[in-house]
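Right, one structure below, let's go through it.
The values are calculated or read from the model by the stated rules, or taken from the named source; none is laboratory data. It should be emphasised that the depicted structure is a prediction, and the values quoted were computed from it without experimental measurement. We place every Cβ from the backbone using ideal geometry, glycine too, and count neighbours over all the protein chains shown. All accessible areas refer to the heavy atoms of the entire protein, side chains included, with ligands and DNA or RNA removed. Shrake-Rupley method; radii C 1.70, N 1.55, O 1.52, S 1.80 Å.
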Amino acid sequence: MSVVGQSPKGLKAIATLEALKGVLSLAVGFALHELGGKEIQHLCEALLQHLHLNPASEIPSVIMHSAYKINDHNLTLLALGSVLYATIRLVEAFGLWRGYAWTEWFALASGAVYLPFEIYAVVTEGKMLPVLALVVNLVVVAYMAMVILQRRKEKHALP
């Protein structure tokens with residue numbers, strides 16, 4: 001079902017957000033695939049040296065340990081995963097932009113699935129980025145619920 005031309009302006013904003021997430025995911029996936037495991041390891045080492053961080057301290061050692069575990073097979077899987085994620089986000093963005101009802105439901109579900117993880121991150125980390133992600137996602141989920149309820153009211157109000 002399409003209501004092209006009648007979609008609320010908020011759907012365009014959410015569609016833009018989803019499209020940006022899709023494009024960013026593609027860029028990250030392609031960058032990871034192009035860099036390759038050894039190049040990422042060298043990049044991490046150079047970054048730690050540039051920032052004058054002790055590679056034996058907690059966070060730099062975790063970063064370096066993770067970088068050394070990267071291989072071409074893992075990078076290929078990550079790149080494929082990012083392409084799949086980007087495809088989903090871009091299809092969702094297109095559908096929301098065009099006002100397709102099924103993408104409204106999809107946006108509601110795909111936003112709601114992240115809420116428990118975001119709440120956990122806010123509670124355990126208490127940092128600004130997880131709080132911001134949670135607030136944005138709560139706004140998107142609430143707005144999508146409102147749009148769906150409004151569509152149902154209009155549908156039942158028709159003679």
_Quick test for you: out of 118, 92, 125, pick the one residue that is touching a Pro at 6+ places or on another chain (Cβ under 7 Å) and under 23 Å from residue 28 (Cβ atoms)._
118
_List the residue pairs whose Cβ atoms are under 6 Å apart, where the first residue sits in the range 133-159 and is without any contact (Cβ under 8 Å) to a residue 24 or more places away in the chain, the second is surrounded by 14 or more Cβ atoms within 10 Å (Cβ to Cβ) and of a type in the set (Asp, Glu), and the two are 6 or more positions apart or on different chains._
133/118; 134/118
*Kindly indicate which of 9, 21 is within 15 Å of the chain's Cα centre (by Cα) and within 29 Å of residue 152 (Cα to Cα).*
21
*Of the residues in the range 21-37, how many are touching a Ser or Thr at 6+ places or on another chain (Cβ under 7 Å) and either at pLDDT 90 or above or of a type in the set (D, E, K, R) (or both)?*
2
*Could you list, in sequence order, the residues of the range 25-71 that are loosely packed, with under 14 Cβ neighbours inside 10 Å and under 30 Å from residue 140 (Cα atoms)?*
27, 31
*asked:* Exactly one of these conditions fails for residue 126: (1) open to solvent by less than 40 Å² (accessible area, probe 1.4 Å); (2) of a type outside the set (S, T, N, Q); (3) at positive phi. Give me its number.
replied: (1)
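Please find, among 142, 101, 121, the residue that is surrounded by 15 or more Cβ atoms within 10 Å (Cβ to Cβ), of a type in the set (A, V, I, L, M, F, W, C) and closer than 17 Å to residue 18 by Cβ.
101
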_Here are the criteria: (1) open to solvent by less than 90 Å² (accessible area, probe 1.4 Å); (2) in contact with a helix residue (DSSP H, G or I) (Cβ under 6 Å, 6 or more places away or on another chain); (3) farther than 16 Å from residue 8 by Cβ. Tell me which single one residue 78 does not satisfy._
(1)
